[in-house]
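The values are calculated or read from the model by the stated rules, or taken from the named source; none is laboratory data. In this text, all values refer to a predicted model and were calculated from it rather than measured experimentally. So basically every Cβ, Gly included, is an ideal-geometry build from the backbone, and we count neighbours across all protein chains shown. Accessible surface is based on the protein model in full, side chains and every heavy atom, while ligands, DNA and RNA are left aside. Shrake-Rupley method; radii C 1.70, N 1.55, O 1.52, S 1.80 Å.
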Amino acid sequence: KAFNAKPAKSRTQADVDNYNKTVNELNAAMNDFNALNNDFNKKRSTLIEKWNKSTSKFLDYHMPKY
């Protein structure tokens with residue numbers, strides 16, 4: 001907000017460099033977050049699949065068949 005609040009003519013190169021550095025840090029953090037989130041989603045899917053298979057196996061064994 002502070003960067004955009006300054007008029008374009010009064011921005012220094014240091015302001016622009018600081019803004020670009022901050023944007024790059026944010027982008028890197030978002031990439032890390034997305035990678036972790038994708039990893040967690042894969043693990044969650046695997047665990048849910050194992051849970052469903054175990055439940056099905058348990059019910060197949062313990063439910064009476066007529």
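Structure above, values below:
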| item | result |
| --- | --- |
| Estimated 222 nm signal from helices in the chain, with DSSP H stretches of n ≥ 4 weighted -39500 (n - 2.57), rounded to 500 | -29000 deg cm²/dmol |
| Where the chain is the region considered: accessible area per residue in Å², 1.4 Å probe | 97 Å² |
| Positive-end extreme of charge dipole, the chain - chosen from F58, N18, L47 (charges on Cβ) | F58 |
| Cβ-placed point charges (K, R +1; D, E -1), dipole of the chain about Cα centre in debye, nearest 20 | 220 debye |
| Net charge, N18 excluded, C-beta distance under 12 Å - Lys, Arg +1, Asp, Glu -1 | 0 |
| Heavy-atom accessible surface of the chain: percent carbon and sulfur, 1.4 Å | 59 percent |
